[in-house]
Amino acid sequence: MDITRSEVVAVRAAAEVVNVRHIVRRAAVDLAFSLVEQTKIVTAASELARNMVDYGGGGDLTVELLSDGIRKGVRLIFEDQGPGIPDIQQALRDGFTTGKGLGLGLGGAKRLSNEFQIDSAPGRGTRITIVRWKGSA
Amino acid sequence: MAGKSALSDVVQKNGREILSAWVQRQQTDLALRNNLLQPGELQQQASDFLTAFGPAIERGGTDSTTGEAWSPVRDLLSTISRSRARQGFTPAETATFVFSLKRILFDALQREVKDSTQLADEMWKASVVLDDLGLYTTETYQKGREEIINRQQQELMELSTPVVQLWAGVLALPLIGTLDSARTQVVMESLLQSIVDTGSSIAIIDITGVPVVDTLVAQHLLKTVAAARLMGADCIISGIRPQIAQTIVHLGVEISDVMTKATLADAFAVALTRVGLAIVRKG
Ligand SMILES: Nc1ncnc2c1ncn2[C@@H]1O[C@H](COP(=O)(O)OP(=O)(O)O)[C@@H](O)[C@H]1O
Ligand SMILES: [Mg+2]
């Protein structure tokens, strides 16, 4: 599998989540994702970027365009040096929030992605990686 | 020395060694943050800087870096620090670009200048010049951040959407653009206020112009609908396009007790019926 393009964006403040959506949208458009596919990955990115700001003290997003034979996809890596997630299963549960949200961001982002991976531990920050492949409904 | 600075000679003659030592030093200083830069970007910027730096010392001297001779160097630094601001570097990391050159220049001067009085003098000059340029870097970084913030505020302002009365008792709030800001709160509150002011019993929130409905946007919408209901008005959310409907379902947001319509026209027809009116064809 090749990474045909890669860019890193800093996400420190809530106002920068808009920027994340623009950048991810652009990546999805460049791969000719359908409108539904674009909306899914952009929405997932919006959730994870906001979590990074709200709970992780801000972090970096790496946007990668993937090419695997004829398959094309977008990989997003969200990385922060915040407090980490003590209980990942619990955080993924719908309705669970330690803030004032709906508690649907993590689970929602997972359902909107084809691949989803969380690496997190207390005091070691959080890294969440998602992939969406073009044409995977 | 005879007016001419050994510093500019040293920079111009040892350009290549200085460049490689300097780039290496910065890579170490920036450590992992280096991944915010494109490959080769740092090398290019450092090399451009050194190319402009030597001649600027020669022509402009080291007493001040504000003169005409220094303007290529300043322009370059301004471009670099603005782009660092956009890439998410801290002010300190940005200033490192200039400050990390100090040690490298000192080493080069030590190798080249044998007379110790002259050496001290040249080191002083290098120090003054780099401090000056370092401050300038921080200033332009700050300007870069301000530009970003201004642009973002502009984007938020675009959200100032008016509440319109479509008919007596029927309000509409056509939302356009980004919905996850303090601004949303203001717009939603203005809808609630208009419900009171006009005594309307039904309000249409049209989200045709909202590209993404994530959980925060959904939460704002649901809160507004609930608040309007407490005030005796029903809300219809219109403009839910297929891609938005699908993502809402995947997110797991529960909107089944909110009336939704695909288009504003559909919602308007429902609203008119609610207030006891019907549209009939003439003749
Ligand atoms: N990057 C992160 N760092 C630390 N904790 C996080 C992070 N992302 C999510 N969490 C935790 O997971 C919980 C659930 O997140 P999410 O499903 O997005 O719901 P919400 O954002 O509405 O709270 C959060 O309330 C928070 O406790
Ligand atoms: Mg969330």
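The values are calculated or read from the model by the stated rules, or taken from the named source; none is laboratory data. Please read these numbers as outputs of a predicted model, since none were measured by experiment. A quick note on method: Cβ atoms are made from the backbone with ideal geometry, for glycine too, and the neighbour counts reach across all protein chains shown. Note: accessible area is taken over every heavy atom of the protein model, side chains too, but ligands, DNA and RNA are not part of it. Shrake-Rupley method; radii C 1.70, N 1.55, O 1.52, S 1.80 Å.
Worth a mention:
- Hits in the range B:33-91 (condition: open to solvent by 30 Å² or more (accessible area, probe 1.4 Å), part of a loop (DSSP other than H, G, I, E, B) and among the β-branched types (Val, Ile, Thr)): B:THR66, B:THR90
- Matching residues, the range A:88-137, being of a type in the set (Asp, Glu) and facing chain B (nearest Cβ under 10 Å): A:ASP94
- Flag if A:VAL20 is within 23 Å of B:GLY177 (Cβ to Cβ), more than 9 Å from chain B (Cβ to nearest Cβ) and touching a residue at least 40 places away in the same chain (Cβ under 8 Å): yes
- Yes/no for B:LEU37 being of a type in the set (A, V, I, L, M, F, W, C), assigned by TED's automatic domain parsing to the domain that holds B:TYR136 and over 16 Å from B:LEU101 (Cβ atoms): yes
- Flag if B:ALA227 is out of contact with any Leu (no Cβ under 8 Å at 6 or more places or on another chain), surrounded by fewer than 21 Cβ atoms within 10 Å (Cβ to Cβ) and of a type outside the set (D, E, K, R): no
- Cβ-Cβ under 6 Å pairs, at least 6 apart or on other chains, the range A:37-57 side free of Cβ contacts under 8 Å to residues at least 12 places away in the same chain and at the interface with chain B (Cβ under 10 Å from one of its Cβ atoms), far side open to solvent by less than 10 Å² (accessible area, probe 1.4 Å) and assigned to a helix (DSSP H, G or I): A:THR39/B:THR247
- Residues that are without any contact (Cβ under 8 Å) to a residue 60 or more places away in the chain and under 26 Å from the mean Cα position of the chain (by Cα), drawn from the range B:85-126: B:GLN87, B:GLY88, B:PHE89, B:THR90, B:PRO91, B:ALA92, B:THR94, B:ALA95, B:VAL98, B:PHE99
- Flag if A:ARG127 is basic (Lys, Arg), under 21 Å from A:VAL17 (Cβ atoms) and crowded, with 21+ Cβ neighbours inside 10 Å: no
- Restricting attention to the range A:94-117 and to residues that are under 15 Å from A:ASN51 (Cα atoms) and of a type in the set (Lys, Arg), the residue that is farthest from ligand 2 (Cβ to nearest atom) turns out to be A:LYS110.
- Counted residues, the range B:193-211 - those being open to solvent by less than 10 Å² (accessible area, probe 1.4 Å) and within 14 Å of chain A (Cβ to nearest Cβ): 2
- Breaking point among (1) open to solvent by 60 Å² or more (accessible area, probe 1.4 Å); (2) touching a strand residue (DSSP E or B) at 6+ places or on another chain (Cβ under 8 Å), for B:SER256: (2)
- Scanning the range B:103-140 for residues that are open to solvent by 20 Å² or more (accessible area, probe 1.4 Å) and of a type in the set (Val, Ile, Thr) yields B:THR117, B:VAL128, B:THR138.
- Taking the conditions (1) touching a helix residue (DSSP H, G or I) at 6+ places or on another chain (Cβ under 9 Å); (2) within 14 Å of chain A (Cβ to nearest Cβ) in turn, B:LEU173 satisfies each one other than (2).
- Cβ pairs under 8 Å, 6+ apart, first in the range B:34-49 and more than 21 Å from B:ASN14 (Cα to Cα), second among the aromatic types (Phe, Trp, Tyr): B:LEU36/B:PHE89
- Residues of the range B:259-283 that turn out to be open to solvent by 50 Å² or more (accessible area, probe 1.4 Å), small (Gly, Ala, Ser) and either in contact (Cβ under 8 Å) with a residue 24 or more places away in the chain or touching a Cys at 6+ places or on another chain (Cβ under 7 Å) (or both), as a count: 1
- A:ARG26 meets all of the listed conditions (1) within 16 Å of ligand 1 (Cβ to nearest atom); (2) of a type in the set (Lys, Arg); (3) closer than 21 Å to A:ASP2 by Cα but one, namely (1).
- Identity of the residue in the range A:62-87, within 14 Å of chain B (Cβ to nearest Cβ) and within 15 Å of ligand 2 (Cβ to nearest atom), that ends up farthest from A:ALA109 (Cα to Cα): A:ASP80
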